[in-house]
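Single-structure report; data block below.
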Amino acid sequence: MADTTDTKSSNQMWGGRFASGPDAIMEEINASIGFDKKLFAQDIRGSIAHATMLAHQGIISAEDKDKIVHGLNTILSEIESGNFEFSRRLEDIHMNIEARLATLIGPAAGRLHTARSRNDQVALDFRLWVKEELEKTEKMLTGLIAAFLDRADEHAESVMPGFTHLQTAQPVTFGHHCMAYVEMFGRDRSRVRHAIEHLDESPIGAAALAGTGYPIDRHMTAKALGFREPTRNSIDTVSDRDFAIEFLSIAAITGMHLSRLAEEIVIWSTPQFGFVRLSDAFSTGSSIMPQKKNPDAAELVRAKTGRINGSLVALLTIMKGLPLAYSKDMQEDKEQVFDAAESLELAIAAMTGMVRDMTVNTARMKAAAGSGFSTATDLADWLVREAGLPFRDAHHVTGRAVALAESKGCDLAELPLADLQAIHASITDKVYDVLTVEASVASRKSFGGTAPSEVRRQIAFWRARN
């Protein structure tokens with residue numbers, strides 16, 4: 001479409017209030033078409049539903065409705081094929097589409113905006129976009145959970161060190177560790193589903209802030225647009241961006257989980273740990289050190305989380321001081337959400353790829369699992385169970401055994417029985433049955449524990465609900 005719009009024509013939407021158009025600075029700060037053109041499909045979809053309702057209610061003629069719908073579908077094709085020229089002087093996606101519609105169908109285009117405002121129109125477009133993005137996020141999280149379930153199944157018995165304070169704590173299985181992320185991302189997906197339920201109300205028909213005197217049917221448009229029902233307060237409707245903030249909150253929490261995983265992959269892939277290895281598909285080399293293989297994909301996922309957090313804080317700050325109802329400040333909401341959505345999509349896709357791609361060094365993990373006296377708690381539990389000691393006494397006895405093993409430069413399982421009996425006479429040679437990492441892991445059969453049988457039970461639970 002050739003852009004023949006002049007300042008005078010772009011000023012028509014203001015009515016007679018302003019004698020001259022905005023100057024260059026006002027145009028620069030006021031225009032949003034550079035980013036809100038992303039909402040073109042939602043804007044057209046909403047306008048078709050609105051026009052159909054207006055005709056159904058006898059507010060516009062069926063003939064005008066047909067012209068409007070045909071014209072909007074033509075514009076949709078033009079935008080999708082790249083043949084639509086957006087004009088900054090028309091400010092936003094709504095006015096760009098409306099101006100093109102007027103060129104295509106003439107005066108009938110002017111009837112489309114009956115009983116609505118750009119305030120409820122943008123609220124509708126943005127809500128539709130966020131809803132679709134949440135649905136996409138839900139599918140991507142389901143894919144990430146599936147990737148972890150496959151790795152957990154594969155490594156339900158693969159022993160590794162469990163950490164607290166990044167210090168060796170107790171042996172666990174790699175499958176159990178994977179299932180920890182299944183729980184995390186499962187909560188994220190649950191939050192996504194709740195957010196979809198929260199925003200599943202149609203704002204169109206709230207008009208500028210007070211509703212409209214036309215006999216519109218908001219339930220009809222809500223149903224046509226796939227919403228559960230219309231919103232119930234016109235003032236709140238046009239001033240609400242909770243749905244966008246909730247999306248960013250979910251994105252920030254999910255991003256935090258992704259970042260924690262990314263940090264572990266970075267650590268695990270170091271030569272000092274050597275627990276996993278990423279293929280060349282998710283790594284880069286060094287321009288000067290030929291031996292280097294850097295986990296750049298994981299590092300970038302970590303960084304994306306910072307961008308997402310920034311978007312959340314930005315929108316919270318934009319909204320925190322606004323009186324009801326609509327203020328132009330709210331135009332600054334979309335770029336934050338668009339950027340965060342792009343970052344989150346990329347981060348989930350990259351992490352799903354890395355989880356499926358990485359090679360797990362089970363031998364290295366098993367060797368590390370026995371370091372740092374990781375079965376000390378098993379010795380204390382044995383003393384409680386077999387020798388009848390109170391746990392605090394057993395803890396003290398175990399601490400003495402650890403100190404002795406450390407002084408001798410050996411593991412607990414390598415201490416001679418005589419040395420252990422010198423610490424406490426009730427210790428027998430049966431204690432060695434619990435001092436291996438395999439025995440330690442197998443004994444943790446409490447619900448949600450690391451025993452392979454329990455890990456497989458949780459895998460089955462999640463496969464049934466994924």
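The values are calculated or read from the model by the stated rules, or taken from the named source; none is laboratory data. If you're wondering where the values come from, they're calculated on a predicted model, not measured in any experiment. All Cβ positions, glycine included, derive from the backbone under ideal geometry; neighbour counts span all protein chains shown. Remember, those area values only see protein heavy atoms, side chains included, never the ligands or the DNA or RNA. Shrake-Rupley method; radii C 1.70, N 1.55, O 1.52, S 1.80 Å.
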In segment 79-92, anything in a helix (DSSP H, G or I), under 31 Å from the mean Cα position of the chain (by Cα) and either touching a residue at least 40 places away in the same chain (Cβ under 8 Å) or surrounded by 15 or more Cβ atoms within 10 Å (Cβ to Cβ) (or both) is listed as ILE79
Condition (residue is surrounded by 21 or more Cβ atoms within 10 Å (Cβ to Cβ) and either more than 30 Å from THR114 (Cα to Cα) or of a type in the set (Phe, Trp, Tyr) (or both)) applied to segment 195-205: is it met by at least one residue? yes
Can you find even one residue in segment 110-125 that is in contact with a Gly (Cβ under 8 Å, 6 or more places away or on another chain) and over 30 Å from HIS194 (Cα atoms)? yes
Residue match in segment 143-159 (condition: over 30 Å from ALA31 (Cβ atoms), open to solvent by less than 50 Å² (accessible area, probe 1.4 Å) and either in a strand (DSSP E or B) or polar (S, T, N, Q) (or both)): yes
Return the residues of segment 427-463 that are open to solvent by 90 Å² or more (accessible area, probe 1.4 Å) and either at pLDDT below 90 or part of a helix (DSSP H, G or I) (or both); say none if nothing qualifies. ASP429, LYS430, ASP433, ARG456, ARG457, PHE461, ARG463
So which pairs qualify, if the first residue must be in segment 214-242 and part of a strand (DSSP E or B), the second must be polar (S, T, N, Q) and surrounded by 15 or more Cβ atoms within 10 Å (Cβ to Cβ), the Cβ gap must be under 9 Å, and the two must be at least 6 apart or on different chains? GLU229/SER202; PRO230/SER202; PRO230/THR221; PRO230/THR237
Is it the case, given these coordinates, that ARG193 is charged (D, E, K, R) and in a loop (DSSP other than H, G, I, E, B)? no
Scope segment 302-333; condition basic (Lys, Arg), crowded, with 16+ Cβ neighbours inside 10 Å and more than 12 Å from the chain's Cα centre (by Cα); matching residues: ARG302, ARG307
Scanning segment 97-111 residue by residue, the ones that are open to solvent by 10 Å² or more (accessible area, probe 1.4 Å) and more than 20 Å from SER87 (Cα to Cα) total 2
Does LEU300 satisfy being modelled with pLDDT under 95, out of contact with any Ser or Thr (no Cβ under 9 Å at 6 or more places or on another chain) and either assigned by the TED database to the domain that holds SER279 or not hydroxyl-bearing (Ser, Thr, Tyr) (or both)? yes
Single match in MET95, MET140, MET160 (criterion: in contact (Cβ under 8 Å) with a residue 60 or more places away in the chain and under 24 Å from ASP188 (Cα atoms)): MET140
When you look at ARG187, is it of a type in the set (Lys, Arg) and either without any contact (Cβ under 8 Å) to a residue 40 or more places away in the chain or assigned to a helix (DSSP H, G or I) (or both), yes or no? yes
What's the number of the only condition in (1) of a type in the set (S, T, N, Q); (2) at pLDDT 95 or above; (3) closer than 23 Å to ALA207 by Cβ that THR74 fails to meet? (3)
Listed residues LEU39, LEU76, LEU72; which is in a helix (DSSP H, G or I) and touching a residue at least 60 places away in the same chain (Cβ under 8 Å)? LEU39
Out of all the residues in segment 334-390, which are part of a loop (DSSP other than H, G, I, E, B) and open to solvent by less than 50 Å² (accessible area, probe 1.4 Å)? MET358, GLY370, SER374, THR375, LEU389
